[in-house]
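Asker: Just passing along the structure, written as structure tokens.
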Amino acid sequence: MARTFIFIYSYALPFALADSMIQPVGAMLVIFFITYGFLGLEFVAMELDDPFGDDPNDFDNLGMARVAIEDIYYNINKNDGAKSVEILRKQVARNLEEEGALNSVRNNLTDDFKDCIADIYDI
């Protein structure tokens, strides 16, 4: 709906400014820059409309989660040792298995991600 109002405003703007401007070149420049600015903002809003989709400019949620998990495991390994990391991996895998989330993840992921999850959770 907002897009419709922007286009109506952009098409009505020359008629609204026609009487107030003495020089037509100045009116054309003002109309051009105002329209260019509003339409530019609209196109940016359309690009940022769904940041969690599958477009190339969207957030990589799985990648960010993977980095966070790897950082957690790295810090635990660095501070507490490999035994603590293994305990955490087993607890996470057990919790996911109890909730049934692990089967859902296994069924929905592509082969590339299955290997990654298998490495992280030892499944």
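Asker: Per residue, how much accessible area does segment 1-103 have with a 1.4 Å probe, in Å²?
Answerer: 80 Å²
Asker: I want the local charge near R3. Using Cβ-Cβ distances under 13 Å, sum +1 for each Lys or Arg and -1 for each Asp or Glu among the other residues.
Answerer: Here the charged neighbours net out to -2.
Asker: Hey, any idea what % of segment 30-87's accessible area is carbon plus sulfur with a 1.4 Å probe?
Answerer: Within segment 30-87, the accessible surface is 64 percent carbon and sulfur.
Asker: Here's a follow-up. Show S10, S20 ordered by accessible area, largest first, where the area counts protein heavy atoms only and the probe is 1.4 Å.
Answerer: S20, S10
Asker: If DNA, RNA and ligands are ignored and the probe is 1.4 Å, what is the ranking of V67, V92 by accessible area, most exposed first?
Answerer: V67, V92
Asker: Related question: Round to the nearest 10 and report in Å² the accessible area of L17, as given by a 1.4 Å probe over the protein chains' heavy atoms.
Answerer: 40 Å²
Asker: Sticking with this one: Measure off 7 Å from each Cα along the Cα-to-Cβ vector at M64 and M21, then give the distance between these two points in nanometres to one decimal.
Answerer: 4.3 nm
The values are calculated or read from the model by the stated rules, or taken from the named source; none is laboratory data. These numbers were taken from a predicted model, which means no experiment stands behind them. We place every Cβ from the backbone using ideal geometry, glycine too, and count neighbours over all the protein chains shown. The accessibility values were calculated without ligands, DNA or RNA, using every heavy atom of the protein model including side chains. Shrake-Rupley method; radii C 1.70, N 1.55, O 1.52, S 1.80 Å.
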